[in-house]
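Presented below is the structure to which this report refers.
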Amino acid sequence: MWTRLIWVSSLALAFGLAGSAGAQIASNPVPADGAEIEDNWAALSWTAAAGAASHDVYFGNNAADVKNGTAGTFAGNVTAPSFLVGFAGSPEPDGLVLGQTYYWRIDEVDADGLTKHTGHVWSFTVAGPTARHPNPIDGGRFVDIEPELSWTPSYGAIMHTVYF
(Lines give C-alpha, C1' and ligand atoms only; values in the text may rest on other atoms or scores of the structure.)
Protein backbone atom coordinates (compact mmCIF):
# COMPACT_ATOMS: atom_id res chain seq x y z
CA MET A 1 0.00 0.00 0.00
CA TRP A 2 2.75 2.49 0.92
CA THR A 3 4.59 1.71 -2.32
CA ARG A 4 1.47 2.50 -4.35
CA LEU A 5 0.85 5.69 -2.37
CA ILE A 6 4.44 6.87 -2.87
CA TRP A 7 4.28 6.02 -6.57
CA VAL A 8 0.98 7.90 -7.06
CA SER A 9 2.30 10.89 -5.08
CA SER A 10 5.51 10.93 -7.13
CA LEU A 11 3.56 10.76 -10.36
CA ALA A 12 1.26 13.62 -9.32
CA LEU A 13 4.23 15.73 -8.26
CA ALA A 14 6.06 15.06 -11.53
CA PHE A 15 3.05 16.01 -13.64
CA GLY A 16 2.36 19.06 -11.50
CA LEU A 17 5.93 20.35 -11.77
CA ALA A 18 6.18 19.60 -15.47
CA GLY A 19 2.91 21.39 -16.13
CA SER A 20 3.79 24.56 -14.23
CA ALA A 21 7.39 24.87 -15.47
CA GLY A 22 6.60 23.89 -19.03
CA ALA A 23 3.81 26.44 -19.29
CA GLN A 24 6.16 29.40 -18.75
CA ILE A 25 9.08 28.58 -21.08
CA ALA A 26 9.44 28.24 -24.83
CA SER A 27 9.34 24.72 -26.30
CA ASN A 28 9.56 22.79 -29.58
CA PRO A 29 12.71 24.41 -31.02
CA VAL A 30 13.29 24.45 -34.79
CA PRO A 31 15.90 23.36 -35.67
CA ALA A 32 15.43 20.60 -33.12
CA ASP A 33 17.89 20.45 -30.24
CA GLY A 34 21.02 18.66 -31.45
CA ALA A 35 20.02 18.82 -35.14
CA GLU A 36 22.40 19.14 -38.06
CA ILE A 37 21.40 21.74 -40.64
CA GLU A 38 22.48 21.92 -44.28
CA ASP A 39 22.59 25.69 -44.82
CA ASN A 40 24.83 28.51 -43.60
CA TRP A 41 21.80 30.34 -42.21
CA ALA A 42 18.88 29.31 -40.01
CA ALA A 43 15.35 30.37 -39.25
CA LEU A 44 14.99 29.71 -35.54
CA SER A 45 11.46 29.17 -34.29
CA TRP A 46 9.75 27.82 -31.19
CA THR A 47 6.40 27.41 -29.51
CA ALA A 48 5.85 30.41 -27.27
CA ALA A 49 4.70 29.94 -23.71
CA ALA A 50 1.12 30.93 -22.97
CA GLY A 51 1.09 34.51 -21.82
CA ALA A 52 4.49 35.49 -23.21
CA ALA A 53 4.37 39.04 -24.59
CA SER A 54 7.85 38.88 -26.13
CA HIS A 55 10.95 36.72 -26.29
CA ASP A 56 14.58 37.49 -25.44
CA VAL A 57 16.84 35.62 -27.88
CA TYR A 58 20.37 34.52 -26.93
CA PHE A 59 22.63 33.05 -29.63
CA GLY A 60 26.29 32.09 -29.87
CA ASN A 61 28.86 29.33 -30.29
CA ASN A 62 29.61 28.87 -26.58
CA ALA A 63 27.02 26.97 -24.52
CA ALA A 64 28.06 28.51 -21.19
CA ASP A 65 27.87 32.06 -22.57
CA VAL A 66 24.38 31.44 -23.97
CA LYS A 67 23.25 29.81 -20.71
CA ASN A 68 24.55 32.78 -18.71
CA GLY A 69 23.54 35.44 -21.23
CA THR A 70 27.13 36.75 -21.37
CA ALA A 71 29.78 37.60 -23.99
CA GLY A 72 27.42 39.39 -26.33
CA THR A 73 25.01 36.48 -26.78
CA PHE A 74 21.89 38.61 -26.31
CA ALA A 75 20.61 38.90 -29.88
CA GLY A 76 17.44 40.89 -29.27
CA ASN A 77 13.87 40.92 -28.09
CA VAL A 78 11.17 39.87 -30.56
CA THR A 79 7.40 39.54 -30.42
CA ALA A 80 7.07 36.74 -32.98
CA PRO A 81 8.34 33.25 -32.07
CA SER A 82 10.98 33.26 -34.79
CA PHE A 83 14.43 34.71 -35.43
CA LEU A 84 16.87 34.63 -38.38
CA VAL A 85 20.61 34.03 -38.01
CA GLY A 86 23.32 34.02 -40.65
CA PHE A 87 22.08 37.09 -42.58
CA ALA A 88 23.17 40.71 -42.70
CA GLY A 89 21.72 42.50 -39.69
CA SER A 90 21.48 39.31 -37.63
CA PRO A 91 23.91 37.28 -35.53
CA GLU A 92 26.65 35.82 -37.76
CA PRO A 93 25.91 38.32 -40.59
CA ASP A 94 28.42 36.68 -42.95
CA GLY A 95 26.75 33.29 -42.59
CA LEU A 96 27.03 30.46 -40.12
CA VAL A 97 30.41 28.70 -40.04
CA LEU A 98 30.49 25.23 -41.60
CA GLY A 99 31.04 22.52 -39.01
CA GLN A 100 30.30 24.89 -36.10
CA THR A 101 27.86 24.09 -33.30
CA TYR A 102 25.64 26.98 -32.24
CA TYR A 103 23.61 27.38 -29.06
CA TRP A 104 20.47 29.37 -28.49
CA ARG A 105 18.03 30.14 -25.72
CA ILE A 106 14.67 31.85 -25.54
CA ASP A 107 13.57 33.64 -22.38
CA GLU A 108 9.87 34.36 -22.26
CA VAL A 109 9.00 37.90 -21.16
CA ASP A 110 5.65 38.69 -19.57
CA ALA A 111 3.58 41.74 -20.52
CA ASP A 112 5.03 43.75 -17.62
CA GLY A 113 8.43 43.61 -19.39
CA LEU A 114 10.14 42.71 -16.12
CA THR A 115 9.10 39.13 -15.40
CA LYS A 116 11.26 36.74 -17.41
CA HIS A 117 11.24 32.96 -17.59
CA THR A 118 14.66 31.57 -18.51
CA GLY A 119 14.48 28.89 -21.19
CA HIS A 120 16.55 25.83 -21.99
CA VAL A 121 19.73 26.05 -24.08
CA TRP A 122 19.28 24.32 -27.44
CA SER A 123 21.91 23.59 -30.07
CA PHE A 124 22.35 22.76 -33.73
CA THR A 125 25.40 22.07 -35.88
CA VAL A 126 26.00 23.39 -39.39
CA ALA A 127 27.05 20.67 -41.83
CA GLY A 128 30.78 20.60 -42.33
CA PRO A 129 32.90 21.04 -45.44
CA THR A 130 33.46 17.28 -45.90
CA ALA A 131 31.18 14.35 -46.63
CA ARG A 132 29.82 12.57 -43.56
CA HIS A 133 27.69 9.66 -42.36
CA PRO A 134 29.24 7.00 -44.62
CA ASN A 135 27.46 3.70 -45.19
CA PRO A 136 28.97 1.28 -44.43
CA ILE A 137 30.61 3.11 -41.54
CA ASP A 138 34.35 3.75 -41.51
CA GLY A 139 36.06 0.74 -39.97
CA GLY A 140 32.81 -1.22 -39.99
CA ARG A 141 33.01 -4.97 -39.54
CA PHE A 142 30.77 -7.75 -40.80
CA VAL A 143 29.27 -5.63 -43.58
CA ASP A 144 27.64 -6.92 -46.73
CA ILE A 145 30.30 -7.98 -49.24
CA GLU A 146 28.49 -5.99 -51.93
CA PRO A 147 27.35 -2.93 -49.99
CA GLU A 148 25.65 0.04 -51.52
CA LEU A 149 28.03 2.89 -50.76
CA SER A 150 26.35 6.07 -49.59
CA TRP A 151 27.11 9.22 -47.62
CA THR A 152 25.75 12.62 -46.81
CA PRO A 153 27.44 15.16 -49.08
CA SER A 154 29.31 18.18 -47.82
CA TYR A 155 27.76 21.62 -47.89
CA GLY A 156 27.39 22.85 -51.48
CA ALA A 157 28.92 19.70 -53.05
CA ILE A 158 27.96 18.96 -56.62
CA MET A 159 30.33 16.06 -57.20
CA HIS A 160 32.38 13.58 -55.15
CA THR A 161 35.43 11.51 -56.00
CA VAL A 162 35.36 8.10 -54.33
CA TYR A 163 38.55 6.18 -53.60
CA PHE A 164 38.14 2.49 -52.88
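Counting DSSP beta bridges in the chain, what percent are antiparallel, to the nearest 5? Restricted to the chain, the bridges split so that about 90 percent are antiparallel. In the chain, the longest principal axis of the Cα atoms and the axis of helix 2-22 are about 80 degrees apart. Rounded to the nearest 20, the Cβ-based charge dipole of segment 34-94 about its Cα centre (Lys and Arg +1, Asp and Glu -1) stands at 300 debye.
Measuring from label point to label point, each 7 Å out along Cα→Cβ, what is the Asp138 to Trp41 span in nm? Calculated label separation equals 3.2 nm. Between Asp33 and Ala88, the C-beta separation translates, for a Förster distance of 25 Å, into a calculated FRET efficiency of about 0.40. In summary, segment 83-139 shows an alpha-carbon radius of gyration equal to 1.67 times the 2.2 N^0.38 Å reference for compact globular proteins.
With a 1.4 Å probe and all protein chains left in place, how much of the accessible area of the chain comes from carbon and sulfur atoms, in whole percent?
Reported share for carbon and sulfur atoms: 59 percent.
With a simple spin-label model that places each label point 7 Å from the Cα along the Cα-to-Cβ direction, the separation between Ala53 and Val97 comes to 3.8 nm.
When the dipole is taken about the Cα centre of the chain, and only Lys, Arg (+1) and Asp, Glu (-1) are charged at their Cβ, what size is it in debye, to the nearest 20?
500
Database remark: amide H of Ser54 closer than 5 angstrom to the amide H of Val109 (H placed geometrically; neighbours at sequence offset of 5 or more, or on other chains; Pro and chain starts carry no H). Given Ser150, Ala26, Ala88, which one lies farthest toward the positive end of the charge dipole of the chain, if we put +1 on the Cβ of every Lys and Arg and -1 on the Cβ of every Asp and Glu? Final value for the positive-end residue is Ala26. On the basis of the beta-carbon distance and an R0 of 35 Å, His120 and Trp151 show a calculated FRET efficiency of 0.60. For the chain, the mean residue ellipticity at 222 nm estimated from helices alone is -5500 deg cm²/dmol, where every DSSP H run of n ≥ 4 contributes -39500 (n - 2.57) and the total is divided by all residues, rounded to the nearest 500. Between Glu36 and Thr125, the built amide H atoms are under 5 Å apart, and every one of these is 5 or more places off in sequence or on another chain.
At 0.692 mPa s and 37 °C, plugging the Kirkwood radius over alpha-carbon pairs of the chain into Stokes-Einstein gives what diffusion coefficient in µm²/s?
Numbers: Rh = 18.7 Å.
The diffusion coefficient I find is 175 µm²/s.
The residues of the chain have, on average, 64 Å² of accessible surface per residue, using a 1.4 Å probe with all protein chains present.
The values are calculated or read from the model by the stated rules, or taken from the named source; none is laboratory data. Computed from a predicted structure; not experimentally measured. When we count neighbours, we look across all protein chains shown, and the Cβ atoms used for this are built from the backbone with ideal geometry, even at glycine. These accessible areas exclude ligands, DNA and RNA; they are computed on the full protein's heavy atoms, side chains included. Shrake-Rupley method; radii C 1.70, N 1.55, O 1.52, S 1.80 Å.
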